[in-house]
Amino acid sequence: MFPSHIHVERRNRLQAQLQSGVLLFLGNDESPMNYADNTYPFRQDSSFLYFFGVDRPGCAALLDLDDGRCTLFADDLTLDDIVWTGRQPSVAELALAGGVAETAPAAALEARLGQLQGRPVQFLPPYRVEHQQKLTRLLGLAPEAQAARASVPLIRAVAELRAIKAPEEVAELERAVDVSVDMHLAAMAMARPGVREAEIAARVTAIALASGGALAYPVIATVHGETLHNHHYENVLQDGQVFLLDAGAESARHYAGDLTSTCPVGAGFSPRQRDLYQVVLATHLAALDQLKPGVPFRAIHLAACRTLAEGLKDLGLMKGDPAEAVAQGAHAMFLPCGLGHMLGLDVHDMENLGEVWVGYEGSPKSTQFGLKSLRLARPLQAGFVLTVEPGIYFIPELFQRWRAEGRFRDFIDYAVLEGYQGENGFRLEENVLITPGGHRILGKARPRTVPEILAARA
């Protein structure tokens, strides 16, 4: 939790944007794995953390912008609870730490809402079943109607406030990225023939936990990087393979790091692997060079894709005009996803609010394969923190489908590409703060060039 005045200031800025209304914020509850007392590690709702700072299950808050009344609804632990958990701060102590003057038992929320005499209650889109159940009970809304009834003005106000990272948030993100760098250095040192993916996943998880925080998301530790979100660790690393790690730490205040590294399993990259990685690196550096306020991230994504297509053309995998290939979406054979996304309290920051608001400011998304997966398109602003993560992926099913359909034969040389099947995936990802004059890469230095990667492994 940050000092109380920070949470008060955040709520004041929210009030300045919305002016009027009753705002309901639902915190998260415990989530059982297989029976009630065996739960997954608790993670508080990020917007609840942002505005109230209370990191405990079973909480809700009501903010009346018209009279300035702010109430935290939660129950103190019973003696039976304390036997198992030990003493925890009281609800009053938690509220005080978050700058909230008024508290009430959790059961009092329903009665308070009933006293509003028909005044509408604004809430954010629910993403958990318990949120849907509570909204049904408290507001009489069927679960299937709740997303449409979520307050767009509240969504947009929260998205705009959380998008600009304050100095204390940047410091938390730096801490998370620093630990994430340590995770990647350890993985590079371990990625040797005979080592199991599971061993590397366990090691980087241990580093994240030992920092006092947690994992920001499930670890991707794989020799099959062509599967973008591969959370299986059943393989044993073999000489000649390429190992991909996508892993990040979450700080004690729940801010996320999100890095990806690619390294050879054996003594070095093969000539082909080195060429492919160099194309990814060139794409990455070209994207970084354009990061500054006012530039739409969609334009940076497309420019990076053109750099990627030019590099793949040099290798014989693509042909024709790279700009036209990108315009038509042919490059998505190799990069079927977006260049990056917002980063903050969530690894994909605020995506529960809706990409159309967080990443697009309400503008419609593309329906083109590849481009439709771009999570961030809006013009950049100083204070944004985002990822830049280009890659090259050899996905057999995509190759087979497009070749059979004869898609983009003017831009993809399928005969050459067939010889590359089995090369799997290459990705490079860093976390970047947009500054008034350009950008700054967060965290301590980490290997990204081929010589740096080989030196780190040595």
Review point. What ranking, highest mean first, results for peptides 37-44, 155-162 when packing means the other Cβ atoms within 10 Å averaged over each residue?
Key: 155-162, 37-44
Exercise for review: On a C-alpha basis, how far is the centre of region 304-329 from the centre of region 91-146 in Å? Whole number, if you could?
Suggested key: 51 Å
Review point. So for 116, 398, 386, 433, fewest C-beta neighbours within 10 Å to most, what's the order?
Key: 116, 398, 433, 386
**Study point:** region 294-448 shape via C-alpha gyration tensor axes, a/c threshold 1.5
**Key:** prolate
Point to revise | For region 4-163, share of DSSP beta bridges that run antiparallel, in % to the nearest 5 | key: 65 percent
Check your understanding: Looking at the square roots a ≥ b ≥ c of the eigenvalues of the Cα gyration tensor of region 81-173, which shape do they give, rounded for a/c under 1.5, prolate if a/b is larger than b/c, or oblate?
Key -> oblate
Study note, to complete from the structure: Packing-ranked peptide list from 93-99, 247-253, highest mean Cβ count within 10 angstrom first, is 247-253, 93-99
**Study point:** Inverse of mean 1/r across different Cα pairs in region 4-163, Kirkwood, Å
**Key:** 16.4 Å
Review point. So if R0 is 56 Å, what FRET efficiency would residue 20 and residue 397 give, r being the distance between their Cβ atoms, rounded to the nearest 0.05?
Key: 0.60
Check your understanding: Which order results if 449, 283 are arranged by neighbouring Cβ count within 10 Å, fewest first?
Key -> 449, 283
Exercise for review: If a/c stays under 1.5 just call it rounded; otherwise compare a/b with b/c (prolate if a/b is bigger, oblate if not). Do that for region 167-457, with a ≥ b ≥ c from the square roots of the Cα gyration tensor eigenvalues.
Suggested key: oblate
Check your understanding: Karplus couplings for region 282-292 from phi (6.51 cos²θ - 1.76 cosθ + 1.60, θ = phi - 60°), rounded to Hz, Gly and Pro as x?
Key -> 4, 5, 4, 5, 5, 5, 4, 5, 9, 6, 6
**Study point:** Violating pairs (Cα-Cα greater than 26 angstrom) within the set 165/292; 134/165; 292/372; 319/372; 365/444
**Key:** 134/165; 365/444
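Any read-out appearing in this document is the output of simple, stated calculations on the displayed coordinates, not a laboratory observation. Since the model is a prediction, treat every value here as computed from it, not as a measurement. A quick note on method: Cβ atoms are made from the backbone with ideal geometry, for glycine too, and the neighbour counts reach across all protein chains shown.
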